[in-house]
Amino acid sequence: MKTKMFFAALAALTLIGCGKVEPETPIVPEKSDYKGTVTVQYQGEPFNNENIQVNFTPAEDGKTASIVIYQIRFVPQMPVTIDVTIPNIAVQSTTEKILLSCEKTIPLAMGGEYPRYTVTNLEGEIVGKELVFSLNFGDSPTSFRGQLQL
């Protein structure tokens, strides 16, 4: 009798231990809009552009994306604001965040390419409802921190 109970208990433990473990799935990048602050280092001092809209748009394959920064000024004396698109950003999704990176790409503004302000060393991430990234526009270190707009 004890042997039957032992094997029954062993069989029950075996079944519990063999439960199928679901693999964790990475976050799927989605087109989204953020609002926050763009900070440009100008003459050694931070120049903040507050309440800036930024759009994140992943490619269909989810491996690359573009970021559009709307109505930005890069220096305090800049008489107009412009929209700047940063293409060809590599996207890597984990279960906790979306990582963004780009060694070098030419930004788009006012209907054309702007090689003088080539984007280098872009690094960033989307965690929860926050988008954070930093990069260089030419020689100008620039960063963004913003919250998802619903």
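The values are calculated or read from the model by the stated rules, or taken from the named source; none is laboratory data. Predicted, not measured: the structure shown is a model, and the values here were computed from it. Note that each Cβ is placed from the backbone with ideal geometry, even for glycine, and that neighbours are counted across all protein chains shown. SASA here: full protein model, heavy atoms, side chains in, ligands and nucleic acids out. Shrake-Rupley method; radii C 1.70, N 1.55, O 1.52, S 1.80 Å.
General remarks:
- Restricting segment 82-107 to residues that are hydrophobic (A, V, I, L, M, F, W, C) and surrounded by 17 or more Cβ atoms within 10 Å (Cβ to Cβ), the residue that is farthest from THR25 (Cα to Cα) is VAL84.
- For THR120, the requirement of being on the phi < 0 side of the Ramachandran plot and touching a Phe, Trp or Tyr at 6+ places or on another chain (Cβ under 9 Å) is met.
- For TYR114, the conditions (1) closer than 18 Å to GLN71 by Cβ; (2) modelled with pLDDT of 95 or more; (3) not hydrophobic (A, V, I, L, M, F, W, C) all hold with the exception of (2).
- Some residue of segment 72-81 being surrounded by fewer than 16 Cβ atoms within 10 Å (Cβ to Cβ) and closer than 23 Å to LYS31 by Cα: no
- Residue in segment 100-110 that is in a strand (DSSP E or B) and either β-branched (Val, Ile, Thr) or on the phi > 0 side of the Ramachandran plot (or both) present: yes
- Among the conditions (1) open to solvent by 60 Å² or more (accessible area, probe 1.4 Å); (2) in a loop (DSSP other than H, G, I, E, B), the only one that GLU125 does not satisfy is (2).
- Considering residues of segment 128-150 that are among the small types (Gly, Ala, Ser) and part of a strand (DSSP E or B) only, the residue modelled with the lowest pLDDT: SER140
- Where GLY44 falls short, out of the listed (1) within 16 Å of SER143 (Cβ to Cβ); (2) in contact (Cβ under 8 Å) with a residue 60 or more places away in the chain; (3) out of contact with any strand residue (DSSP E or B) (no Cβ under 7 Å at 6 or more places or on another chain): (2)
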